[in-house]
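Colleague: The following block contains the structure, expressed as structure tokens.
No value in this document is a laboratory result; all are computed from the given coordinates. Quick caveat: nothing in here was measured; it's all calculated off a predicted structure. Neighbour counts are summed over all protein chains in view; Cβ atoms, including those assigned to glycine, are modelled from backbone coordinates with ideal geometry.
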């Protein structure tokens, strides 16, 4: 009878570098798939550029971009609600109030329960887009069109970004439509 093969070749302890690699691999795998939440459906990203936009979309996009000009570069501040510092949900709330006279809840947790769910491929200007990046429990922005959205970024303050495969597309979670079909409350 043959002896059982040895599984471990060395009894040396794992180095600090080894533990770091193990920790990084664990974090990457832990962030790969966001958990499912009741009432919210994760939708696989498609390319919304194929969706035709009408004149109401163009007007909504124009109004949001004009409001963005007032906020552009405003630094991110968790819990902030003013031009001295604002967070993502505070920014979305302020834009919706100023541009559309719609009062949204203050947090992303509450905002994601507003309006109607929208498949990624059917996004329209003004839709709220939600993400689950690894450094944040939830993040929200306002879709403009052509895969572009406006949001209060942790690193860049209020800015425009693309929902692409490099970062935001990887962490896309869901979208909600708040505005009525005509775009005007």
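Colleague: Using all Cα-Cα distances in the range 38-177, what percent lands in each 5 angstrom bin from 0 up to the longest?
Modeller: Going out from 0 Å in 5 Å bins, the range 38-177 shows 2, 11, 22, 26, 22, 13, 4, 0 percent.
Colleague: Could you tell me the relative contact order of the range 38-177? Use alpha-carbon pairs under 8 Å, at least six residues apart, and round to a whole percent.
Modeller: 30
Colleague: Still on this structure: Taking a spot 7 Å from the Cα of residue 55 along the direction of its beta carbon, which residues of the range 124-150 have an amide N less than 18 Å from it?
Modeller: Backbone N within reach: 125.
Colleague: Per residue, how big is the convex hull of the range 53-104 when only Cα atoms are used? Give it in Å³.
Modeller: Value for the range 53-104: 78 Å³ per residue.
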